[in-house]
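The structure under discussion appears below in the form of structure tokens.
Computed from the coordinates by the stated procedures, all read-outs in this text should not be read as laboratory data. Everything numeric here is computed off the predicted structure, so don't read it as measured data. Here the Cβ positions follow ideal geometry from the backbone for every residue, glycine too, while neighbour counts run over all protein chains shown.
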Amino acid sequence: MSAAKIKKGDQVIVLSGKDKGRTGEVVQAMPREGKLIVDGINVHARHVKPSQADPQGGIQRSPAPLHASKVALVTSDGKPTRVRFEVRDGKKVRVAVKTGEVING
């Protein structure tokens, strides 16, 4: 994604894949790779053998990165929207394309 259209803390909706239609908050943004980690979305299970550090072992679940093109920002009415940059009051701000409202951040 060019510039930071989606940032940490934004509410996003998944557009494709096994979690399509689900919403969540961006926990981590990786702009160099163009990926995001969204809380509770794209959760992968890893089977871990018992070790000294983790004597119990078992299945560890953790969210895996999603490509930024698979998510869209959610507007206040819960629908997906694209993001545009505009200069308002001499400041560059993110604006929701569908509603025209300024996105905090």
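Restricting attention to the chain, which trypsin sites (Lys or Arg not before Pro) occupy a DSSP loop and are surrounded by at most 11 other Cβ atoms within 10 Å?
Those that pass, being in a loop and sparsely packed, are Lys18, Lys20, Arg32, Arg82.
Amide H neighbours of Leu66 under 5 Å, counting only residues 5+ apart in sequence or on other chains, H built in-plane at 1.01 Å?
Counting only residues 5 or more places away or on other chains, the set is Leu36, Ile37, Val38.
Reachable lysines from Lys91, Cα under 19 Å, same-chain residues fewer than 8 places away excluded?
The reachable lysines, counting only those whose Cα sits under 19 Å from Lys91, are Lys5, Lys7.
Using modelled backbone amide H atoms (1.01 Å from N, in-plane), which distant-in-sequence or interchain residues come within less than 5 Å of Lys79's amide H?
none
How big is the chain on each of its three principal axes, counting only the C-alpha atoms and giving the largest first in Å?
58, 26, 19
Sticking with the crude label model, points 7 Å out along Cα→Cβ, report the distance from Val43 to Ile59 in nm, one decimal please.
1.0
For the range 3-21 and the range 69-102, what is the centre-to-centre distance using only Cα atoms, to the nearest Å?
Comparing the Cα centres of the range 3-21 and the range 69-102, I get a distance of 13 Å.
Which aspartates and glutamates have a Cα less than 19 Å from the Cα of Lys35, not counting those fewer than 8 places away in the same chain?
The reachable aspartates and glutamates, counting only those whose Cα sits under 19 Å from Lys35, are Asp10, Asp19, Glu25.
How about the range 4-105: which GluC sites (Glu not before Pro) there lie in a loop by DSSP and see at most 10 other Cβ atoms within 10 Å?
Glu33
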